[in-house]
Amino acid sequence: MESPREQWSGKLGFILAASGSAVGLGNLWKFPYITWNNEGGAFVLVYLLCIVAIGAPVMMSEILVGRRSRRSPVEAFKTLGHPRWSFVGWLGVIAGVVILAFYAVIAGWSLRSFVQCVGWSVDGYEAPPEAAFGAFLADGGTQVGLGALFLGATALVVARGVSGGIERATRILMPVLFAIMIYLVVNVMFLDGFVEALVFLFRPNFSGLSGHAVLEALGHAFFTLSLGMGGMLTYGSYLRRQDSIPRIAMTVAALDTLIALVACVIMFGIIFSVPSLRATMESARSTGEGVSTVGMLFVTLPNLFYTKMPGGAVVGPLFYVLVAFAALSSTISLLEVVVASVSERLSMARGRATVVASAVVFGLSCGCALSLGANEWASSVRLFGGLERLNTLVTGGKTGFLSIFDHVAANWLLPLGGLALTIYAGWVMPAADTQDELDGVGDDGEVRRGYVVWRICARFVAPAAIGWIVVQVLLGGDFS
Ligand code: PHE
């Protein structure tokens with residue numbers, strides 16, 4: 001069994017694969033719409049604080065536990081001599097399954113947008129009727145089919161092993177993604193809404209900030225950096241000894257944040273330059289009607305390509321290919337966590353573990369696919385039935401499988417998984433081990449300042465902040 005563990009070819013390979021995992025629908029789809037729903041400024045600031053003070057140190061912790069143990073999340077803690085901590089790995093596997101189930105469905109929307117854009121590029125653009133997106137969501141067969149297609153593609157890559165496949169793919173995909181984003185943002189700079197978009201994003205207004213918004217910002221920091229579910233731990237287990245974890249983690253966190261902010265500038269720059277669009281979105285937000293905000297990436301954006309942007313007929317379809325690939329490099333890491341854990345734990349061949357894991361995910365994914373209007377029960381189900389207080393507390397009052405899965409995984413499973421992991425790295429692991437992994441001692445034998453900062457964050461700042469936010473939400477606290 002002890003064949004030498006696969007490794008990334010080098011630092012760049014890891015950075016691209018890890019940022020491939022981090023950059024995904026979280027950046028392009030979710031961050032813009034939750035920022036919109038939470039009214040910008042203050043929410044963005046809290047999110048940035050969460051990335052720097054919590055996300056980056058937790059990412060270093062995850063990667064170091066992975067590289068130290070060279071195992072999957074469920075075996076890592078046993079290998080390091082603390083089998084009782086294996087629950088953290090299992091929590092990650094559960095989070096991976098839950099996230100993948102709804103993520104694949106949304107990733108499927110990018111395939112539809114691609115086909116739609118190709119049609120428009122060939123036949124000329126015609127604005128679709130407003131109800132079209134809602135009708136698409138309520139089409140159960142299509143939702144299940146597109147989600148299944150996405151899961152299938154993910155399974156094909158994961159079944160073949162990681163390093164060759166993912167690394168080779170992300171080496172091409174990520175730079176092209178960056179190039180397209182730059183092209184888009186440069187075009188948005190010439191739109192009327194550009195400055196307004198910057199104001200919306202960066203001028204904080206704390207009066208609208210609720211306790212749930214702070215938890216959402218924290219949860220999203222974990223979601224967007226792929227933390228708290230063992231993804232970075234698993235990828236870290238393939239990292240070469242000589243690569244610097246702090247530098248790599250900071251690069252990945254910075255790239256991910258940059259892409260999320262740029263995606264917002266693009267999206268809001270467009271929305272704000274079409275006043276009627278902004279008005280529709282605002283009324284959707286105040287009535288709590290989700291479809292038009294949730295669908296921003298897929299409904300609002302194509303408008304820009306075909307009405308405002310030179311070369312849009314080429315960029316439009318290309319952009320949705322890239323959304324699909326950004327999503328794919330994330331779903332690969334989600335499935336990889338589950339497959340690596342199952343195959344290592346049960347000594348099952350990789351191929352077989354992939355089939356088993358994908359089948360379980362597909363079952364849950366059908367529930368999500370049908371919860372967008374196709375099936376009455378799946379769309380209106382609540383986690384705790386009629387227990388209103390519990391529903392509000394745990395799921396933010398969300399109904400339907402997809403919304404509930406998203407909310408519970410991002411706002412609870414990931415922060416709690418991350419909390420446990422960082423407590424492990426900060427308090428349970430011997431300092432000598434973490435120093436060794438994080439290159440914490442200089443050539444002069446002095447402990448480096450950067451290491452001390454990490455250790456303070458991992459032991460105190462991150463646990464205290466996560467714990468405080470969770471307790472506030474449990475007590476029904478408000479942060480405004
Ligand atoms: N980080 C990914 C995104 O932003 C989603 C993800 C979450 C991937 C958790 C892996 C683990 O889209």
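Per residue, the average separation of C-alpha pairs within less than 8 Å and at least 6 apart gives the stretch 298-380 a relative contact order of 13 percent. Here the contact order of the stretch 1-142, divided by its residue count and restricted to Cα pairs under 8 Å and six or more residues apart, works out to 11 percent.
Shown for the stretch 11-382: the carbon plus sulfur share of the solvent-accessible area, taken with all protein chains present and a 1.4 angstrom probe, equals 66%.
Mind checking the per residue accessible area of the stretch 114-170 for me, 1.4 Å probe, whole number of Å²?
Value for the stretch 114-170: 50 Å² per residue.
Put a plus charge on the Cβ of each Lys and Arg, a minus charge on the Cβ of each Asp and Glu, and nothing anywhere else: the dipole of the stretch 11-382 about its Cα centre is then about 1600 debye. Normalised by the number of residues in the stretch 186-336, the average gap of Cα pairs under 8 Å and 6 or more apart makes the relative contact order 33 percent. In terms of overall dimensions, the C-alpha atoms belonging to the chain reach 63, 49, 48 Å along their principal axes, ordered largest to smallest. A straight Cα-to-Cα reach below 18 Å connects Lys398 with the aspartates and glutamates Glu216, Glu289, Glu376, Glu388, Asp406, residues fewer than 8 places away in its own chain not being considered.
Prolate is the label for the stretch 82-122, because the ratio a/c of its alpha-carbon gyration tensor axes (a ≥ b ≥ c) is 1.5 or higher and a/b is greater than b/c. In the stretch 168-290, the alpha-carbon atoms span a convex hull of 157 Å³ per residue. Each stretch of four or more DSSP H residues adds -39500 (n - 2.57); spread over every residue of the chain, this sum gives -22000 deg cm²/dmol at 222 nm. Distances between every pair of Cα atoms in the stretch 369-480, grouped in 10 Å steps from 0 to the bin holding the largest one, split as 13, 29, 23, 17, 12, 4, 1 percent.
The long axis of helix 245-273 is offset from the longest Cα principal axis of the chain by roughly 10 degrees. Per residue, the accessible area of the stretch 377-474 comes to 46 Å², computed with a 1.4 Å probe over protein heavy atoms only. Phe405 exposes around 30 Å² of accessible area when a 1.4 Å probe is run over every protein chain in place.
Checking every one of the chymotrypsin sites (Phe, Trp or Tyr not before Pro) in the stretch 180-211 against DSSP loop status and a limit of 12 other Cβ atoms within 10 Å picks out Phe190.
The values are calculated or read from the model by the stated rules, or taken from the named source; none is laboratory data. Remember, predicted model here, so these are calculated numbers, not experimental data. Note that each Cβ is placed from the backbone with ideal geometry, even for glycine, and that neighbours are counted across all protein chains shown. For accessibility, only protein heavy atoms count, side chains too; no ligands or nucleic acids. Shrake-Rupley method; radii C 1.70, N 1.55, O 1.52, S 1.80 Å.
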